[in-house]
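Visitor: Structure in structure tokens, see below.
What follows draws every value from the coordinates through simple rules; no lab data is involved. A quick note: this is a predicted structure, and the numbers were derived from the prediction, not measured. Every residue, glycine as well, gets a Cβ built from its backbone with ideal geometry; the counts of neighbours run over all protein chains shown.
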Amino acid sequence: MRTVTVTASGVVEVIQVPDPTLPDAGSAIVQVEAAAICGSDLHFYEGDLPYFPVAVGHEAIGRVVEVGADVRRFAVGDRVLVSSVAGCGDCVGCQTRDPVACLAGAKVFGAGELGGAQSDLLAVPAADFQLLTIPEGISDDAALLLTDNLGTGWAAATRTDAKPGETVVVLGLGAVGQCAVRAALALDLDVLAFDPVPGRVAMAVGSGAKAIESDVVAEVMAATGGRGAAAVIDAVGHNNTIDTAFAAVRACGTVSVVGIHDLEPYPLGILMGVYRSLTLRMTTAPVHRSWDELIPLITQGRIDTEGIFTHTFALDDAAAAYAAVAERSPDCLKVKLVP
Ligand SMILES: NC(=O)c1ccc[n+]([C@@H]2O[C@H](COP(=O)([O-])OP(=O)(O)OC[C@H]3O[C@@H](n4cnc5c(N)ncnc54)[C@H](O)[C@@H]3O)[C@@H](O)[C@H]2O)c1
Ligand SMILES: [Zn+2]
Ligand SMILES: [Zn+2]
């Protein structure tokens with residue numbers, strides 16, 4: 001089969017590898033119908049996480065083509081979405097339906113240990129836990145967002161603990177930030193949104209956010225009577241966005257980080273944080289748990305999932321697709337690869 005592989009910083013190749021086989025009786029093989037490129041894949045592509053070669057991709061929908069003898073909830077032919085984060089499915093941690101809590105350690109597809117989802121076929125361990133039949137009323141784009149980005153945005157927003165009417169800032173308006181904006185609006189928060197790419201700010205404004213034009217801290221202070229925001233979401237993953245978040249959040253507020261930082265440690269000012277009674281939340285998407293909350297919000301029309309996917313490429317054109325996403329242009333926000 002074909003699998004998209006980052007072989008060096010800035011180099012994407014579609015290579016032939018043997019088809020995956022069932023790793024154990026609880027696993028399934030999914031024939032990928034569409035796989036998305038995430039900002040997290042770009043960390044390999046852009047050399048922030050220089051582990052090469054790596055078969056990439058962790059956001060996929062497709063059809064079950066093989067199941068192990070112990071798989072109970074799925075059969076060949078089922079159309080499913082695959083959680084980007086995987087747990088063993090059996091332990092007390094996985095019982096919380098947050099794979100990050102798995103006692104065996106959460107694993108992410110397309111990061112070395114598990115296969116990459118930007119492939120013809122994907123082996124899925126603990127399939128009864130990791131898979132979800134694509135529900136009635138959920139479009140393919142929505143299903144792809146439920147594998148990762150929407151659960152991430154939802155966790156980013158809910159974990160601000162902000163109350164309806166309070167001001168929340170979203171820094172970074174890629175697909176994750178746009179999902180965080182939409183989630184925060186569904187929670188009736190007052191959302192201020194910033195990205196250096198004006199077209200991405202315009203998209204967030206189209207969803208109902210208010211624009212921050214350039215000076216985040218000054219504009220947040222102006223909008224909150226000098227108090228600061230109840231919470232700031234970092235959907236970028238740079239030291240300077242954390243700095244900005246701490247400067248724009250009010251005393252007793254929350255900084256909610258979902259952006260993936262590089263390998264350099266951030267110099268956290270504990271004195272400043274204690275003095276101002278700040279809360280720092282850092283979150284990997286609790287994907288499985290988010291499905292129960294998000295699916296009703298999508299089907300009731302309270303969270304719009306349209307418009308986030310802007311481009312579709314053939315799997316064979318993955319190199320061009322990565323180059324397009326990495327430009328962070330106003331029009332190319334998120335890309336689907338179709339095998
Ligand atoms: N925690 C999780 O579970 C999880 C899940 C998915 C993605 N992520 C991470 O979330 C981050 C965003 O993902 P994405 O797919 O939206 O990526 P992306 O690269 O498409 O979006 C990042 C956005 O940040 C903007 N940006 C750059 N510098 C900025 C600054 N100083 N202030 C404000 N905005 C700035 C860019 O213009 C871009 O629009 C990535 O780091 C990704 O790895 C985390
Ligand atoms: Zn992702
Ligand atoms: Zn587990």
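Visitor: For the chain, set up a GNM with springs between Cα atoms under 10 Å and report which of Ala127, Ala86, Ala202 has the largest fluctuation.
Guide: Most flexible of the set in this elastic network: Ala202.
Visitor: About the Cα centre of the chain, how large is the charge dipole given +1 on each Lys and Arg Cβ and -1 on each Asp and Glu Cβ? Please answer in debye to the nearest 20.
Guide: Once rounded to the nearest 20, the dipole reads 840 debye.
Visitor: Where a Cα-Cα gap under 16 Å defines reach, which aspartates and glutamates qualify for Lys336, not counting those fewer than 8 residues away within the same chain?
Guide: Hits, sequence-local ones excluded: Glu33, Asp41, Glu59, Asp120, Asp140, Asp141, Asp148, Glu306, Asp316, Asp317, Glu327.
Visitor: Please give the net charge around Ala326, taking every other residue with its beta carbon less than 11 angstrom from that of Ala326, where Lys and Arg add +1 and Asp and Glu add -1.
Guide: Net local charge, Ala326 excluded: -2.
Visitor: Report for the stretch 154-282 the percent antiparallel among DSSP-assigned beta bridges with both residues inside it, nearest 5.
Guide: Rounded to the nearest five, the antiparallel share is 0 percent.
Visitor: Follow-up question, since we're still on this one. Give the cross-link partners of Lys210 among the aspartates and glutamates, using a straight C-alpha distance below 16 Å as the criterion and excluding same-chain residues fewer than 8 apart.
Guide: Glu166, Asp188, Asp190, Asp195, Glu219
Visitor: Which of Ala251, Cys332, Thr279 sits farthest toward the positive end of the charge dipole of the chain, with +1 on the Cβ of Lys and Arg and -1 on the Cβ of Asp and Glu?
Guide: Checking the options against the dipole of the chain, the answer is Ala251.
Visitor: Here's a follow-up. Of all DSSP beta bridges in the chain, what percent run antiparallel (nearest 5)?
Guide: 55 percent
Visitor: If you add up the charges near Ser27, with Lys and Arg at +1 and Asp and Glu at -1, over every other residue whose beta carbon is less than 11 angstrom from its beta carbon, what do you get?
Guide: Residues near Ser27 contribute -4 overall.
Visitor: Pick from Leu263, Leu103, Leu280: which is most flexible by mean-square fluctuation in a GNM of the chain where alpha carbon atoms under 10 Å apart are linked?
Guide: Leu263
Visitor: Would you please calculate the Kirkwood hydrodynamic radius of the chain over all C-alpha pairs and express it in Å, rounded to one decimal?
Guide: Result for the chain stands at 20.2 Å.
Visitor: Right, something else. Under unit Cβ charges (Lys, Arg +1; Asp, Glu -1), what dipole magnitude, rounded to 20 debye, does the stretch 154-282 have relative to its Cα centre?
Guide: Dipole magnitude for the stretch 154-282 comes out near 320 debye.
Visitor: Now for a separate question. I need the phi-derived Karplus couplings for the stretch 130-138: 6.51 cos²θ - 1.76 cosθ + 1.60, θ = phi - 60°, integer Hz, Gly and Pro marked x.
Guide: 7, 9, 9, 4, 5, x, 3, x, 10
Visitor: Moving on. Loop-only check: which trypsin sites (Lys or Arg not before Pro) in the stretch 72-125 are DSSP coil with at most 11 other Cβ within 10 angstrom?
Guide: In loop regions of the stretch 72-125 (DSSP not H, G, I, E or B), the sparsely surrounded trypsin sites (Lys or Arg not before Pro) are Arg72.
Visitor: For the stretch 262-338, state which GluC sites (Glu not before Pro) are in a DSSP loop and have at most 15 other beta carbons lying within 10 Å of their beta carbon.
Guide: For GluC sites (Glu not before Pro) across the stretch 262-338 that sit outside H, G, I, E and B with at most 15 neighbouring Cβ atoms in 10 Å, the list reads Glu306, Glu327.
Visitor: Follow-up. Farthest toward the dipole's positive end in the chain, which of Leu121, Thr241, Gly89, given Cβ charges of +1 (Lys, Arg) and -1 (Asp, Glu) about the Cα centre?
Guide: Value computed over the given set: Thr241.
Visitor: Right, another one. HN-Hα J couplings of the stretch 226-242 from phi, Karplus 6.51/-1.76/1.60, θ = phi - 60°, integer Hz, Gly and Pro as x?
Guide: x, 7, x, 7, 4, 7, 10, 9, 9, 10, 10, x, 10, 4, 6, 6, 5
Visitor: Considering the options Thr147, Gly174, Gln300, tell which one lies farthest towards the positive end of the dipole of the chain, charges being +1 on Lys and Arg and -1 on Asp and Glu at the Cβ, about the Cα centre.
Guide: Positive-end residue among those listed: Gln300.
Visitor: Most mobile of Val181, Val71, Val220 per a Gaussian network model of the chain (Cα springs, under 10 Å)?
Guide: Val71
Visitor: Working from the pairwise distances between different alpha carbons, so that the mean of 1/r is found and then inverted, what is the stretch 218-339's Kirkwood radius in Å?
Guide: About 17.5 Å, per the Kirkwood formula over Cα pairs.
Visitor: How about the stretch 240-339: which trypsin sites (Lys or Arg not before Pro) there are in a DSSP loop, with at most 14 other Cβ atoms within 10 Å of their Cβ?
Guide: Arg302
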